[in-house]
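Written out below as structure tokens is the structure these notes cover.
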Amino acid sequence: MKILKLKLENFQGIKTAEFDFDGYSASIYGDNAVGKTTIQNAHCWLLFGRSGDNVKNYTPQTNDAAGGYMHNLEHTAEETLQLDDGRVVTYKRVYKEVYKKRRGSAQSEHDGNTTDYYINGVPSTEKEYAASISALAGGDADRLKILTIPDYFPSELPWQARRHILLDLCGDIT
């Protein structure tokens, strides 16, 4: 699998950015606080709904000057991949706030958040989206997480699974 393109809109501190990797190996360098970790977070959130350091309940919202979240924005990550069989697939995840106007109220109130999922531009359910991502690694989402999230193998994967993987690589003790 090769990453062809990554596109971000209102993702953490990035207003809009597009990275054309064209399937080549890429290294991202830069000063502190310029967006290197944000790019890793976008890739991991797009695939698994977690940040690059595997934080659950991660949100890609942009902070305002006061340290709170900016409101009424859609936070989007979109990635185009070329699979081993040559097919090209695009995954998109959109996080947005939901506002509802209560009866008798003049203004809308924040009523939670929602995440929308798209595969090749077609709206999908979370379950369909997760199944499609899992299929990228032959149905083994853990394999993809091991390759994508640096701390997943040593800290999240149960010790029995780690042992099984290591013994498959190195051979068992006789």
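The values are calculated or read from the model by the stated rules, or taken from the named source; none is laboratory data. This structure is a prediction, so every number in the text was calculated from the model and none was measured. Heads up, the Cβs are rebuilt from the backbone with ideal geometry, glycines too, and the neighbour counts pull from every protein chain shown. Side chains included, ligands, DNA and RNA excluded: accessible areas come from the protein's heavy atoms. Shrake-Rupley method; radii C 1.70, N 1.55, O 1.52, S 1.80 Å.
Scanning the stretch 29-77 for residues that are of a type in the set (A, V, I, L, M, F, W, C) and surrounded by fewer than 12 Cβ atoms within 10 Å (Cβ to Cβ) turns up Ala33, Ala65, Ala66. Restricting to the stretch 64-94, name every residue that is touching a strand residue (DSSP E or B) at 6+ places or on another chain (Cβ under 8 Å) and of a type in the set (A, V, I, L, M, F, W, C). Within the stretch 64-94, Met70, Leu73, Ala77, Leu81, Leu83, Val88, Val89, Val94 qualify. So, Lys100, is that one part of a helix (DSSP H, G or I) and not polar (S, T, N, Q) or not? When the stated conditions are applied, Lys100 does not pass them.
From the residues in the stretch 12-46 that are farther than 21 Å from Pro150 by Cα and hydrophobic (A, V, I, L, M, F, W, C), which one is modelled with the lowest pLDDT? Only one residue tops the list, namely Ile14.
What number of residues in the stretch 143-174 are open to solvent by 70 Å² or more (accessible area, probe 1.4 Å), in contact (Cβ under 8 Å) with a residue 24 or more places away in the chain and either in contact with a strand residue (DSSP E or B) (Cβ under 7 Å, 6 or more places away or on another chain) or outside any helix (DSSP H, G or I) (or both)? Of the residues in that region, 2 qualify.
If you go through the stretch 83-115 and keep only what is crowded, with 16+ Cβ neighbours inside 10 Å and in contact (Cβ under 8 Å) with a residue 24 or more places away in the chain, you end up with Val89, Thr90, Tyr91, Lys92, Arg93, Val94, Tyr95, Glu97.
Just to verify a result, which residue in the stretch 126-142, among those that are in a loop (DSSP other than H, G, I, E, B) and touching a helix residue (DSSP H, G or I) at 6+ places or on another chain (Cβ under 8 Å), is least open to solvent (accessible area, probe 1.4 Å)? Restricting to residues being in a loop (DSSP other than H, G, I, E, B) and touching a helix residue (DSSP H, G or I) at 6+ places or on another chain (Cβ under 8 Å), the top hit is Ala137. For the stretch 47-69, the set of residues classified as at pLDDT 80 or above and basic (Lys, Arg) consists of Arg50 only. Val89 satisfies every condition listed in (1) at pLDDT 95 or above; (2) part of a loop (DSSP other than H, G, I, E, B) except (2).
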